[in-house]
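Engineer: Please find one structure pasted underneath; my questions will follow.
Just so it is clear, none of the values below were taken in a lab; they were calculated from the coordinates. Fair warning: this is a prediction, and the values are worked out from it, not measured in the lab. FYI the Cβ positions are ideal-geometry reconstructions off the backbone, even for glycines, and counts take in every protein chain you see.
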Amino acid sequence: MLESQSEAVGIIIPTLNGGRHWADCLRCVGAQTVSLRRRLVVDSASTDDTVAQAESAGFEVKVIVRAEFNHGGTRQWAAEYLADCDILIFLTQDAILANPESLSQIVQCFHDPRVAVAYGRQLPHRGARPMEAHARLFNYGETTLWKDWEARNSIGPKVFFCSNSFAAYRRSTLLELGGFKRDLILGEDMEFAARALKAGYANVYCATAPSFHSHDYSSLEQFRRYFDVGVFDATNAWMREEFGSHRGTGARFVKSELRYLATEAPSQIPRSILHTLAKICGYRLGLCEKWLPVGVNRRLSMSRSYWR
């Protein structure tokens, strides 16, 4: 491994029953050229061999009560816990680093002191269905992007787009700006990126740091996920006020997906339309969450532990 980097780097992976990609995730972290000072798994009381695999791969494991997991709060605890690290890399259990330089490439983004957060390119998992492949092609291009406060004028809310499926943070800046919020249903990565941009820092999309990561959601899962997105937008209205609505991006995505499927997989167009309707219905209901009973919100949501 490379030992010449000046920053101490730590990696953090939240887990719950690691699943079919977990062994590959660990193997590819172990194959990285960058030197890692700390390797931490925060496990939500898995009932399979997730913890044993992590320990065998050289990770420190902290087990938490499953009901206590919180997208922002759990990651913030981990960031505070790794006090001897300068750069914190977050990965999810189903993200597989695509080459041995992925972590090295994302760490290099922080050679510029203006960078608060950087996130890597996501490629569809091998064997992913056409719709899942298109989603990654649409959101993660081949060109690295420097995104600062001024960039909002040209790309709107895409300026704070970020994904903790594979992202890195300058720990000092993360803590300086108050860290990840603990009261979010999801989107702790983008909410922090938005605050960092307002504070004068940059959010970098590092196209040279690839990972394999995609989801094969059903229409019901899409409904629930976009219900949560609607809840996030309803409770973080300041982001729309500062950066604008992502309605235009959604329309461009649907048009792009239909064009892609018309060429690559015409038989998937009805599925695409069904998923789009599920997303719209879920999102609009999520925007109305404060007028719905908590029990109804819990049933509609993908993040049921949020509703207490």
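Engineer: How far apart, in nm, are the 7 Å Cα→Cβ label points at residue 65 and residue 23?
Structural biologist: A separation of 3.4 nm, rounded to one decimal place.
Engineer: According to the square roots a ≥ b ≥ c of the eigenvalues of the Cα gyration tensor, what is the shape class of the range 166-240, taking rounded for a/c under 1.5, prolate for a/b larger than b/c otherwise, and oblate for the remainder? Present the calculation step by step, with values, prior to reporting the outcome.
Structural biologist: Working: a/c = 2.37, a/b = 1.29, b/c = 1.84.
Oblate is the answer for the range 166-240, as a/c is 1.5 or above yet b/c matches or exceeds a/b.
Engineer: Right, next: Peptides 47-60, 29-42: what's the order by average Cβ count within 10 Å, highest mean first? Show your work: numbers first, answer last.
Structural biologist: Numbers: 47-60: 15.6, 29-42: 18.8.
Top of the packing list down: 29-42, 47-60.
Engineer: Which length gain, in nm to one decimal place, applies between residue 99 and residue 308 when the Cα-Cα distance is subtracted from 0.36 nm times their residue separation?
Structural biologist: On the way: separation 209, 0.36 × 209 = 75.24 nm, distance 4.10 nm.
Contour length minus Cα-Cα distance gives 71.1 nm.
Engineer: Helix-derived [θ] at 222 nm for the chain: sum -39500 (n - 2.57) over DSSP H runs of at least 4, divide by residue count, nearest 500? Mind dumping the intermediate values first?
Structural biologist: Numbers: 13 runs with 133 residues, N = 308.
-13000 deg cm²/dmol, from helical runs alone.
Engineer: For residue 245 and residue 31 in the same chain, what is the full-extension length gain: residue separation times 0.36 nm, less their Cα-Cα distance, in nm?
Structural biologist: Working: separation 214, 0.36 × 214 = 77.04 nm, distance 4.04 nm.
Gain on extension, residue 245 to residue 31, equals 73.0 nm.
Engineer: Which whole DSSP H helices in the chain pass both tests: a Cα extent of 20 Å or more along the axis and a mean Kyte-Doolittle value no lower than -1.0?
Structural biologist: Span-like helices in the chain: 219-235, 247-264, 269-287.
Engineer: Work from the charge dipole of the range 9-212 (Cβ charges, +1 for Lys and Arg, -1 for Asp and Glu, about the Cα centre) and give the residue of 139, 113, 63 farthest towards its positive end.
Structural biologist: 139
Engineer: Using Cα springs under 10 Å in a Gaussian network model of the chain, which residue among 230, 127, 179 shows the largest mean-square fluctuation?
Structural biologist: Judging by the Gaussian network model, the answer is 127.
Engineer: Pairs of Cα atoms under 8 Å, at least six residues apart: use those to get the relative contact order of the range 9-212, whole percent.
Structural biologist: Rounded, it is 28 percent for the range 9-212.
Engineer: Also, quick follow-up: Among DSSP beta bridges whose residues both lie in the chain, state the antiparallel percentage, nearest 5.
Structural biologist: Antiparallel bridges: around 35 percent, rounded to the nearest 5.
Engineer: Would you kindly state how much longer the chain becomes between residue 218 and residue 80 on full extension, computed as 0.36 nm times their sequence separation minus their alpha carbon distance, in nm to one decimal? Present the calculation step by step, with values, prior to reporting the outcome.
Structural biologist: Working: separation 138, 0.36 × 138 = 49.68 nm, distance 3.59 nm.
Contour length minus the Cα-Cα distance gives 46.1 nm.
Engineer: Mean separation of Cα pairs under 8 Å and 6+ residues apart, divided by the residue count of the range 186-308: what relative contact order is that in percent? Mind showing how you got there, number by number?
Structural biologist: Numbers: 95 pairs, mean separation 46.4, N = 123.
With pairs under 8 Å counted, the relative contact order is 38 percent.
Engineer: Mind jotting down the distance between the C-alpha centroids of the range 66-124 and the range 152-184, whole Å?
Structural biologist: If we compute the Cα centre of each part, the gap is 11 Å.
Engineer: Mind running the shape call on the range 219-306? Use the C-alpha gyration tensor, a ≥ b ≥ c as the square roots of the eigenvalues: rounded below 1.5 for a/c, prolate if a/b tops b/c, oblate otherwise. Kindly include the intermediate steps, with their values, before the conclusion.
Structural biologist: Values: a/c = 3.35, a/b = 1.51, b/c = 2.21.
Note, shape of the range 219-306 comes out oblate.
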